[in-house]
Amino acid sequence: MHPGHDIVAKRPVPAGRAAKLYGIASLEADMGSIDELARLLGTQHVLTGADTEPFTVDWRGRYTGHALAVARPGSVHELAEVVKWCAARGIPMIPQGGNTGLCGAATPDDSGTALVVVLTRLNAVREVDAENDTMVVEAGCTLQAVQEAAQAADRLFPLSLAAQGSCTIGGNLATNAGGTQVLRYGNARELVLGLEVVTPDGEIWNGLRGLRKDNTGYDLRNLYIGSEGTLGFITAASLRLYPRPVAQCTALLALPSVDAAVAMLALARKGFAAALTAYELMASNCLDGVVRCFPDQRLPFEGGAAAMPWFALLELSDSESEQHARERFEHVVGAAMEEGLVSDAVIAANASQSRALWHLRESIPLAEKAFGKSVKHDIALPASRIAEFIATTDAALQADFPGVEHVIFGHLGDGNLHYNVARGTAYTEEALLARQADIHSLVHDRVHAFRGSISAEHGIGQLKRDYLPRYKDPVELALMHRIKAALDPAGLMNPGKVL
């Protein structure tokens, strides 16, 4: 908290509404007792009033809420005391890490009754066990810091996202993040061996076992991963590490169609097997947007992004040498060109060129944001159905919303598309967003018809919560409600998210 700000939040709060929702008898009295948190955490770590505002808006600027206060505990034991304080008063808790989420899961509602609990001070790398290929890190560590700690031990932690410099591992686990290397290493869930969790009543579960086999009961670890903070606070994790590859080779391919991209994926799987680390699909307008938004970047093909309608970025991890990796790439890509699957290809000659190719891919979301808000979809489909889905859904959107622009990219290797709809030249941003519910319904209905999922790696949060009853199996949804009621009977953990 900055000097000059009172310890008590100044925003008026509808006490009647708070009492109805959370059973608070006297909200004003509880607001007055925030000084207890200040004594526990230090006044600089309990923010009120205007100081809370950076923590009440999501990264996209789509959701804005109000907070009773923001608490920043510095240890798992401080967090446990904060949770007990909230539980005793019926105060809802909103967990937040780097605040890079895309579905509003870390943003409070507008009632001003919730405490936003920011975990970025829990940022220690507690242990690296290279011989066991594990490390224990706290939830507030940035993903990049986790990667660097693994690298310092000559190991690889393979989770990789565009926001890795600011997103935290706790948030990655809370949303079961995917990223660019799911094809080889799996989602965040597959990279975790154990967890430490603060429960909704302030107990600390220490499940930080670095074991590959532990068959002693229910798998609580996987229950918390992907729960978006609705069942408890993930405070630390025991993570899997891998040997660092001797060499990595990257190639950018120009493709005539999505069908060719899917066929190329099958050829790459056959030619590279487990060495295929990443396979990213990008429509040409995505890369054109990057080049227009960031003039220092360029597409290494004559004619730029207009040369082909689709592009794929492949990465191969090799256990022998860079020369061996490049020879394998040249062999497989050469065969694909002979079959007409690939029209042109650029194979990175060194690490600098590889980073430049990845920078193109990772800049797509930033370029999207710079050009204005769009209607976003993070979906999963069987790879074999993706070409048909794109063709038929593009056509359906143009029939109902003529002139919209299709901004499509994603992790084709694991069937995850970011299927976004931009305003194009036919809509203003406001007019497009006024139709977003209709656009969501059209796209999600088609995803469901193709036996896909409306959320692949971004979670549910607020954005997709109300869609779940339409697409989830009713028994599955009922079981989720029972789990929530059993673990968080007061409903204080991130209310209004997921369920």
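Computed from the coordinates by the stated procedures, all read-outs in this text should not be read as laboratory data. As the structure is a computational prediction, the values presented were derived from the model and not from experiment. Note that each Cβ is placed from the backbone with ideal geometry, even for glycine, and that neighbours are counted across all protein chains shown.
Sorted into 5 angstrom bins from 0, the C-alpha pair distances of region 284-329 split as 5, 19, 21, 14, 12, 15, 12, 2 percent. Neighbour counting of Cβ atoms within 10 Å sorts the residues Lys497, Lys270, Lys373, Lys213, fewest neighbours leading, into Lys213, Lys270, Lys373, Lys497. Computed on region 221-263, the Cα convex hull volume stands at 193 Å³ per residue. Cβ crowding within 10 Å ranks Thr392, Thr199, Thr230 as Thr392, Thr199, Thr230, fewest other Cβ atoms first.
For region 125-243, the calculated P(r), taken from all Cα-Cα distances in 10 Å bins from zero up to the bin holding the longest distance, is 15, 50, 31, 4 percent.
For the chain, the longest principal axis of the Cα atoms and the long axis of helix 351-362 meet at an angle of about 60 degrees. For the pair Ala273 and Glu322, label points projected 7 Å from Cα toward Cβ lie 2.5 nm apart. About the centre of its Cα atoms, the chain shows a dipole size close to 780 debye [charges on the beta carbon of Lys, Arg (+1) and Asp, Glu (-1) only; nearest 20 debye].
Taking the C-alpha atoms only, the angle from helix 322-338 to the longest principal axis of the chain is near 70 degrees. A simple rule links phi to the HN-Hα coupling: the Karplus curve 6.51 cos²θ - 1.76 cosθ + 1.60 with θ = phi - 60°, which for region 228-238 gives 6, x, 8, 10, x, 9, 6, 10, 7, 8, 9 Hz, with x for Gly and Pro. Between Gln144 and Ala431, the simple label model (points 7 Å from Cα in the Cβ direction) yields a spacing of 4.0 nm. Principal-axis analysis of the Cα atoms of the chain puts helix 474-487 at an angle of about 40° to the longest axis. Given the Cα atoms of the chain, and with Rh set as the inverse mean 1/r over their pairs in the Kirkwood sense, what is Rg to Rh to two decimals? Ratio of gyration radius to Kirkwood radius: 0.98. For region 357-492, the residue among His377, Ala426, Thr393 whose Cα projects farthest onto the positive side of the dipole built from Cβ charges is His377. Length gained on full extension, Asn215 to Asn350: 44.2 nm, using 0.36 nm per residue less the C-alpha separation. Over all distinct Cα-Cα pairs of region 277-424, the Kirkwood formula returns a hydrodynamic radius of 16.6 Å. Over the chain, DSSP H runs of length four or greater, each weighted -39,500 (n - 2.57), average out per residue to a 222 nm ellipticity of -10000 deg cm²/dmol. Put in order of Cβ neighbour count within 10 Å, fewest first, the listed residues His458, His77 become His77, His458.
Applying both filters, DSSP loop and at most 13 other Cβ atoms within 10 Å, to the GluC sites (Glu not before Pro) of region 121-169 gives Glu131. Let me check I've understood the local charge: for Glu338, count other residues with C-beta under 14 angstrom from its C-beta, Lys and Arg +1, Asp and Glu -1. What total comes out? Combined, the nearby Lys, Arg, Asp and Glu give -3. Across the alpha-carbon set of region 360-499, the Rg to Rh ratio works out to 1.00, Rh being the Kirkwood radius. Once you divide the Cα radius of gyration of region 177-280 by 2.2 N^0.38 Å, the number left is 1.44. Just to confirm a number: summing +1 for Lys and Arg and -1 for Asp and Glu over residues other than Pro256 whose beta-carbon lies under 12 angstrom from that of Pro256, what do you get? The answer is -3.
Computed over neighbours whose Cβ is under 12 Å from that of Leu191, the net charge equals +2, Lys and Arg +1, Asp and Glu -1.
In the chain, Cα pairs under 8 Å separated by at least six residues give a relative contact order of 14 percent. In a fully extended conformation the segment linking Asp438 and Thr43 would gain 137.6 nm over its present Cα-Cα distance, using 0.36 nm per residue.
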